[in-house]
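Read-outs: derived from the displayed coordinates by stated rules, not from any lab. Keep in mind that what you see is a predicted model, and the values were worked out from it rather than measured. Cβ placement follows ideal geometry from the backbone for every residue including glycine, while neighbour counts extend to all protein chains displayed.
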Amino acid sequence: MLNPLVPFAIRGAIWYQGESNAGNAKDYLRLQCGMVADWRRAWGQGDFPFICVQLANYQPPKAYDPDSTWAVVRQAQLDSTRLCPNVGMASAVDIGDELDIHPKNKRDVGRRLAQWALAKTYGRNIVPNGPYYSHYTIEGNTIRIFFTDVGKGLVTKGRKGAQGEVATCVIAGSDRTFVPAQARIDGDTLVVSSPEVPNPRAVRYAWSDNPAGCNLYNADGLPASPFRTDTW
């Protein structure tokens, strides 16, 4: 279907897909990066911008689901922004519909896609996207999470949490058993802990098909991407 368009000049591409790949979610990163490389080869216009939409929330709400395949696809979409040059992402994890796989709110999706394009392609001095997980450090019985693209700072949003109290975080020790965690904003970082896990090893955030109550944003109003620090 795409081949007839190849002769035409383009500025970039946006990509809103992934739901049908939940059944083979572990392959999604390889497939998406391969597709981007193939499109760029076909057009012969270099590494033109490619912006994907991270899957919206769908299905009955859950704060955490260890078996969520949608969460694995979202992680792959996040990882593609690191592994493929000039690839961006607009998260829709907070603007979906638990009853409709095709949520009707496309206006905010479009605004978030435009935000990345304006920042990265057209050089506007604005934050391109919500906070992306960068790395972590273990500090005693806590894990400190670092982000990129915090803009004017990290904030919480919505009725599920007070300022600085971040919902849908879970934490695990070496037994790989995740339990609900307390998570607070500390500057541009997130400090996560649980009295049940004295020696923490990993954190996950908004890890479910529909991560009920996920509320971490930057001050520009863009949601943090769901993430995991582990590769378990």
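Taking the range 75-139, which trypsin sites (Lys or Arg not before Pro) meet the DSSP loop condition and have no more than 11 other C-beta atoms within 10 Å? All intermediate terms of the calculation are to be shown ahead of the outcome.
Values: sites: ARG82, LYS104, LYS106, ARG107, ARG111, ARG112, LYS120, ARG124; in loops: LYS104, LYS106, ARG124.
Here the sparse-neighbourhood loop sites are LYS104.
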For this session: Treat the count of other C-beta atoms within 10 Å as a stand-in for reagent exposure and order THR168, THR189 from fewest to most.
Result: THR189, THR168
For this session: Specify whether the C-alpha gyration tensor of the chain places it in the rounded, prolate or oblate class, a ≥ b ≥ c being the square roots of the eigenvalues: rounded for a/c under 1.5, otherwise prolate if a/b is larger than b/c and oblate if not.
Result: prolate
Problem set entry | Sorted peptide list for 177-183, 62-68, criterion being average Cβ within 10 angstrom, highest first | 177-183, 62-68
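Which loop-located trypsin sites (Lys or Arg not before Pro) does the range 1-38 contain, where loop means any DSSP state but H, G, I, E or B and the Cβ has at most 16 other Cβ atoms within 10 Å?
Details: sites: ARG11, LYS26, ARG30; in loops: ARG11.
Listed in order of number, the matching sites are ARG11.
Evaluate the relative contact order of the range 3-121 (contact order divided by residue number), counting alpha-carbon pairs under 8 angstrom at least 6 apart; express in whole percent.
Details: 155 pairs, mean separation 35.4, N = 119.
Averaging sequence separation for qualifying contacts and normalising by length gives 30 percent for the range 3-121.
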Exercise. Spin-label point model (7 Å from Cα, Cβ direction): what's the ASN141 to HIS102 distance in nm?
Worked result: 5.1 nm
Exercise. Tell me, in nm to one decimal, what length is gained between THR148 and SER20 on full extension, where the rule is 0.36 nm per residue of separation less the Cα-Cα distance?
Worked result: 43.2 nm
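Just subtract the alpha-carbon distance of THR177 and ASP47 from 0.36 nm times their residue separation and send over the number in nm, one decimal. Walk me through the numbers on the way to the answer.
On the way: separation 130, 0.36 × 130 = 46.80 nm, distance 4.08 nm.
42.7 nm is the gain from fully extending THR177 to ASP47.
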Exercise. Under the definition of Cα pairs under 8 Å and six or more residues apart, what whole-number percent is the relative contact order of the chain?
Worked result: 21 percent
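Please give the net charge around PRO60, taking every other residue with its beta carbon less than 9 angstrom from that of PRO60, where Lys and Arg add +1 and Asp and Glu add -1.
Values: positive: LYS62; negative: GLU98, ASP209.
Taking every Cβ under 9 Å from that of PRO60, the sum is -1.
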Exercise. What's the angle, to the nearest 10 degrees (0 to 90), between helix 107-116's Cα axis and the longest principal axis of the chain?
Worked result: 80 degrees
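Considering only the other residues whose Cβ falls under 13 Å of the Cβ of ASP97, what net charge follows from Lys and Arg at +1 and Asp and Glu at -1? Don't skip to the end; give the middle numbers.
Working: positive: LYS104, LYS106; negative: GLU19, ASP94, GLU98, ASP100, ASP108, ASP209.
Taking every other residue near ASP97 into account, the sum is -4.
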For this session: Measure nothing but the geometry: give the 0 to 90° angle between the long axis through the Cα atoms of 69-83 and the longest principal axis through the Cα atoms of the chain, rounded to 10°.
Result: 70 degrees
Exercise. What lysines sit close enough to LYS26 to cross-link, taking a C-alpha to C-alpha distance under 26 Å and skipping anything fewer than 8 places away on the same chain?
Worked result: LYS62
Exercise. Taking neighbour Cβ counts within 10 Å as the exposure measure, how do TYR58, TYR205 sort from fewest upward?
Worked result: TYR58, TYR205
Problem set entry | Cα lying deepest toward the dipole's positive end in the range 3-121, options ASN24, GLN59, PRO49, charges on Cβ | PRO49
Exercise. Ranked by Cβ crowding within 10 angstrom, fewest neighbours first, how are TRP15, TRP70 ordered?
Worked result: TRP15, TRP70
Problem set entry | GNM top mover of GLY151, GLY130, GLY187 - the chain, alpha-carbon springs below 10 Å | GLY187
Problem set entry | Most mobile listed residue (LEU118, LEU83, LEU29) in the chain, GNM with C-alpha springs under 10 Å | LEU83
For this session: Considering Cα pairs under 8 angstrom that are at least six residues apart, work out the relative contact order of the range 132-228 and quote it in whole percent.
Result: 33 percent
